[in-house]
Every structure is written in structure tokens, then in C-alpha cells.
Amino acid sequence: RMGRAGESLLAVPIQSPNVDALDDFGSSVAVLGNDILVAAPKARVGTDRVGAVYLVNGDTGAHVRTISNPYPSHGDLFGAAIAVVGGNVLIGAPGEDADGNNAGMAYLFNGSTGALLAEYHNPTPAEEDRFGSSIVAIGDKVLVGAPGDDTLAANGGAAYLFDLAGNRLWTYTNPDADAEDAFGATLAALGDRAVIGALGNDPAVAGSGVVYLYETSGGYRRLQTFANPTPDAGDGFGRAVAGVGDKVVVTASNENGNAGMAYVFDAVTGEIVMALSDPTPSADEHFGHSVAVSGNDILIGAVGDRESGAAVGKVYLFDGLTGVMLYTFANPSPADGDAFGLAVAATDSRVAISAPGDDTGQTDAGSVYLFDATREVHTTTTGPDGGYTITGLTAGTYAVARVPQAGWWPTYPGRLSSESRVNASTAGLQQYPAVAMDAAGNYVAVWQSDHAGTSSWGVFGQRYDSAGQPAGLEFQVNTQPIDGTAFPDIAMDADGDFVVTWGRLGNVQARRYSATGEPAGDEFSVNTLAGEHRDSVIAMDADGNFVIAWQR
């Protein structure tokens with residue numbers, strides 16, 4: 001899961017080093033290590049719009065390198081698609097005319113130097129094939145889409161598999177070819193398998209769309225067909241595709257009056273396991289125009305999402321295991337027609353979102369916004385910080401405690417409660433916190449307290465409900481004499497029952513509690529052997545079984 005505890009920050013807005021009107025800077029984006037690749041397929045050389053790809057520093061937004069079109073010609077659309085294979089960069093140029101008018105080409109560049117390593121030519125070139133409109137790396141292979149290929153039908157489409165040297169390995173053709181199917185318009189990798197979209201395919205309704213899953217070795221067989229569950233003309237099913245775990249994400253950005261939808265399919269059975277939608281859907285938002293994944297999480301762009309009547313765009317983050325919407329990335333400088341969310345890319349700690357219609361500097365010059373998913377937990381800035389601890393939920397939230405504060409957050413930006421002091425008593429030192437959470441989001445914080453302002457220590461706790469509000473008063477955990485009591489830890493089962501462990505005078509102690517905070521007996525000794533026992537930790541399963549470990 002992306003990042004560490006705290007609040008999302010907009011790390012840096014990125015503009016082209018050569019700001020120019022109508023460049024479409026940000027039409028495609030990709031992550032290369034800690035840096036960001038941004039394409040401007042209409043960038044100019046002189047008066048010709050030939051396209052360029054820029055590598056920018058992921059921390060500062062500074063321009064690192066420009067990858068230039070090796071055979072520049074007006075309308076090449078160099079950068080219409082970009083991808084990363086290892087440390088190198090794949091770039092599509094569907095408007096390249098070397099093999100015919102708009103027959104297209106693709107290239108592999110060294111990611112460190114920008115040197116051209118390989119060229120991928122359309123194996124069956126013809127005018128308007130648009131080879132290079134889509135591109136993806138699958139292991140050490142490269143898949144390039146040609147949605148305008150006419151071999152089986154006018155604009156029926158094809159996709160070609162190459163090795164890294166540019167040698168063709170296989171040609172994927174539309175299994176249900178018809179005119180305007182655009183097979184190969186979108187591509188993705190699912191492990192070592194290829195996901196190929198045909199957003200104009202119409203087995204049920206004209207232009208409703210179909211997506212296919214293929215092998216990339218052996219017999220190159222078709223493994224699965226993902227059908228539009230609610231087919232309608234022009235749905236754009238397959239507008240964007242992605243692989244997440246053992247599932248395939250397929251968007252239909254024109255569904256429901258262009259409000260848009262996304263579906264997550266089981267790759268083996270072909271069955272839908274969840275449907276995702278804009279939380280506030282309305283016409284012409286085009287939810288699903290773009291998709292990216294980070295771990296098990298799914299980012300979906302809605303380029304027409306409206307704010308105060310203007311189509312400014314938004315991007316939504318979903319838990320790919322549960323379908324829970326985790327966070328909304330809003331356009332930092334919203335203006336009508338920005339197309340924020342047209343392209344998205346993500347790592348475990350960064351989200352890059354493009355707005356190629358942004359007017360900063362020039363009309364439609366374009367911008368990219370880099371969001372940093374590493375976030376500050378605390379909001380107070382006075383006094384020392386230390387002793388952090390964290391607990392989390394599979395539904396996407398976590399509680400954080402530090403000395404002497406606590407709060408809880410979703411696993412992506414968007415604080416659910418303010419930072420607040422846990423301990424009621426402020427006399428003496430309060431330190432070494434621990435926190436545990438149940439399946440409903442209720443949590444308990446415990447800590448070591450010099451409660452009387454003396455050298456004697458005790459273990460104290462405070463319960464919270466799922467809204468982050470205190471549930472009852474601060475309570476003392478230990479019942480034996482307070483001297484030498486220190487370093488607590490806590491674990492909780494799914495129902496909220498919890499156990500606290502701590503050290504006291506060379507022994508390990510523990511005490512059980514019900515979900516209501518009632519003690520289930522007195523504290524008890526954990527260790528049975530003599531000697532020095534300390535630094536105990538505890539883990540508990542959902543049913544309440546627990547294990548305590550310590551150093552001896």
C-alpha cells in the first residue's frame with residue numbers, strides 16, 4: 001500500500017520545459033524509478049508538431065532530459081503512448097509516416113542516457129494503421145497496438161508482440177473482426193499475459209466493446225474474453241485496461257450517458273467481481289478514461305468531473321480488494337477543459353496525474369501534478385515527537401499514536417479525525433504508546449505513564465469509537481504495584497476484545513479486556529521461568545487467539 005501515515009501533499013506541479021500552446025503535455029505519463037516521464041505528442045520543432053517525451057525529477061519537477069523524436073515529421077504524435085521496461089523507455093508514434101501515412105512506429109530508448117536502442121516497425125504497414133497508439137511491456141517483451149489495422153476488417157485492429165531487439169514474435173488479431181472494432185486500442189499486462197481492448201467491438205450491440213486476455217508464449221492462446229455486462233452503442237468498454245493481482249480492470253467511460261463505469265473481472269473465470277463508479281455520477285464525466293494500479297489499489301480518472309459547473313476532472317482511488325473508494329484527487333488549479341485525469345501513473349509512494357488541457361503559461365499547454373503519498377502524521381509542531389505506533393484495517397483506514405497524540409486516517413490522504421491528546425493526566429511523562437483496532441474501526445491506545453509525576457510507572461489506556469471519539473474515560477491497566485511497569489503493547493480481535501502486555505521488574509505481564517473495556521480478570525504473569533524477561537510484544541487473530549513474545 002502506498003506511502004506511510006499522514007496527510008497527502010501536492011509535491012510539485014510540472015510543466016513542459018518548452019511551454020507552448022496546444023502541446024498536449026501530459027497526454028501520457030509513466031514512472032521511471034523516482035522520476036516521471038511525461039509526453040507532449042504535439043510538441044513543436046520549429047513549426048512542425050512532432051512530439052517529445054520529457055524526463056523530470058520526481059522530487060523537484062526539474063527537467064532532466066528530453067527524449068526527442070528520432071525521425072521528426074509533422075503529426076507523428078511521438079509520445080502518444082509511453083511505457084517502461086526495466087530501466088528503459090518505450091515510446092509510440094502512431095502518426096509516423098516512414099512505412100506509410102500514419103502507419104506508425106515505436107521505439108525503445110535507454111532510460112539513463114536517452115539513446116535509441118531499438119525500433120519497432122509495423123510488420124504489415126498500411127496507411128492509418130496507427131501502430132504505436134498503445135504500448136506495454138510484458139516481462140522482456142513489448143506489445144504494440146495498431147487499432148487502425150485493416151487486415152481482417154477496416155480499422156479492425158491488431159497487436160504485435162516483439163522481443164526487446166525489435167523482432168516480431170507474434171501477431172494478435174481480432175477473433176471477432178468487424179469494421180471499426182479498434183482491436184489493440186488499449187493494452188495492459190497481467191503478469192506474463194496480455195490484455196487487449198477492442199472498444200469498438202460489437203458482438204451484442206454496435207460499438208459496445210470487448211476485452212481479451214492472451215498468452216505471450218507457447219501457443220499464444222486466447223485465455224479469456226471479458227464482455228460488456230450492460231452493452232450499449234458507444235459505451236467505450238475497454239477505454240482503459242489494467243491488471244491488478246489476478247484480476248483485470250476494464251473501464252467503459254461512455255456508459256450511462258458518458259458518466260462512465262469500471263469493472264473488475266476474475267482473470268480465470270471471466271466473471272465480474274466488482275463494479276466501480278464515480279461516487280457522485282453525472283453525465284459526461286467520463287469516469288474511466290484512464291486507469292492505473294499501485295499494488296492492490298486502483299486509480300481511475302474522470303476527465304469531465306464537474307466542479308461549480310466546470311469540467312475540471314478528478315481521479316478516484318479504490319481498494320482493489322474490496323472496491324471501497326479510498327480517496328479523491330482533486331484538480332489543484334481547476335479550470336474548465338483541463339482534462340485532469342486524462343492520464344495517471346502510480347508507484348507505492350507517488351501518483352502522477354496529467355491535465356493536458358491546463359492553460360498555465362499557454363492555452364492547452366498542459367501540466368502534470370505529482371502527489372506525494374508520504375505524509376506527516378502530526379499537526380502540532382511544538383515539543384518532541386517520538387514513540388510512533390500504527391494499526392490498520394483491510395477496509396483502508398488506520399490509527400496512529402505518538403507521544404502524546406493520536407488520530408486516525410484512511411490509508412490515503414484524507415484525515416478522518418483531528419490529532420488529539422490521548423492522556424487525560426498531564427503530570428509527568430507519557431510515552432511508549434501502542435494502538436490496536438477492531439474490524440469496525442474502534443480502537444484502543446495504551447501507553448506508559450508517570451501518572452503521579454514520580455519515578456513510578458504505570459500502564460494506562462483510552463478507548464475510541466470508529467469516529468475517533470473517546471469511549472469512556474482513561475483507565476489504568478496494571479493492578480500490581482506500579483514500580484517498574486513499562487513498555488506496553490496491545491492487540492485486538494475483530495470484535496474489539498483486546499489484550500495488553502507490558503514488562504514489570506523483569507517479568508512479562510498481561511491483562512485481557514472485553515470490547516466494552518471491562519477487564520476479564522486481573523493482570524497475570526506470562527513468563528514461567530526465572531530470569532530477566534522484557535520487551536514483550538503481542539499479536540492476535542480475528543477470533544481472539546493471541547501470542548506474546550519477549551526477550552530473555
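Tell me, please, whether a residue that is farther than 17 Å from Gly75 by Cβ and surrounded by 18 or more Cβ atoms within 10 Å (Cβ to Cβ) can be found in segment 37-49. Yes - at least one qualifying residue is present in segment 37-49.
The set of residues in segment 129-141 that are outside any loop (DSSP other than H, G, I, E, B) and either modelled with pLDDT under 95 or over 23 Å from the mean Cα position of the chain (by Cα) (or both) comprises Phe131, Lys141. For segment 497-513, the criterion of being small (Gly, Ala, Ser) and within 18 Å of Val547 (Cα to Cα) is met by at least one residue.
Is it true that some residue in segment 328-337 is crowded, with 20+ Cβ neighbours inside 10 Å, polar (S, T, N, Q) and at pLDDT 90 or above? Within segment 328-337, one or more residues are crowded, with 20+ Cβ neighbours inside 10 Å, polar (S, T, N, Q) and at pLDDT 90 or above. For segment 156-169, does any single residue satisfy the condition of being hydroxyl-bearing (Ser, Thr, Tyr), free of Cβ contacts under 8 Å to residues at least 40 places away in the same chain and either surrounded by fewer than 22 Cβ atoms within 10 Å (Cβ to Cβ) or in a strand (DSSP E or B) (or both)? Within segment 156-169, not a single residue is hydroxyl-bearing (Ser, Thr, Tyr), free of Cβ contacts under 8 Å to residues at least 40 places away in the same chain and either surrounded by fewer than 22 Cβ atoms within 10 Å (Cβ to Cβ) or in a strand (DSSP E or B) (or both). Listed by first and then second residue, the pairs linking a residue in segment 99-115 that is farther than 18 Å from Val136 by Cα and surrounded by 15 or more Cβ atoms within 10 Å (Cβ to Cβ) to a residue that is β-branched (Val, Ile, Thr) and modelled with pLDDT of 95 or more, with Cβ atoms under 8 Å apart and 6 or more places separating them unless they lie on different chains, are Gly114/Thr66; Gly114/Ile67. Regarding segment 237-248, can at least one residue be identified that is hydrophobic (A, V, I, L, M, F, W, C), over 21 Å from the mean Cα position of the chain (by Cα) and surrounded by fewer than 18 Cβ atoms within 10 Å (Cβ to Cβ)? No, segment 237-248 has no match at all.
Tell me, which residue of segment 313-327 that is touching a residue at least 60 places away in the same chain (Cβ under 8 Å) and in a strand (DSSP E or B) is surrounded by the most Cβ atoms within 10 Å (Cβ to Cβ)? This residue is Leu317. Just name the residue that is modelled with the highest pLDDT out of those in segment 343-356 that are under 15 Å from the mean Cα position of the chain (by Cα) and assigned to a loop (DSSP other than H, G, I, E, B). By that ranking, first place goes to Ala343. Given the criteria more than 22 Å from Arg421 (Cα to Cα), among the basic types (Lys, Arg) and either at pLDDT 90 or above or assigned to a strand (DSSP E or B) (or both), does Arg512 qualify? The answer is yes for Arg512. Listed by position, the strands (runs of 3 or more DSSP E) inside segment 72-124 whose residues that are under 22 Å from Asn167 (Cβ atoms) and under 26 Å from the mean Cα position of the chain (by Cα) number at least 1 are 81-85, 88-93, 105-109.
The values are calculated or read from the model by the stated rules, or taken from the named source; none is laboratory data. Keep in mind that this is a model prediction, so the values were computed, not measured. Backbone-built Cβ (ideal geometry, glycine too); neighbour counts: all protein chains shown.
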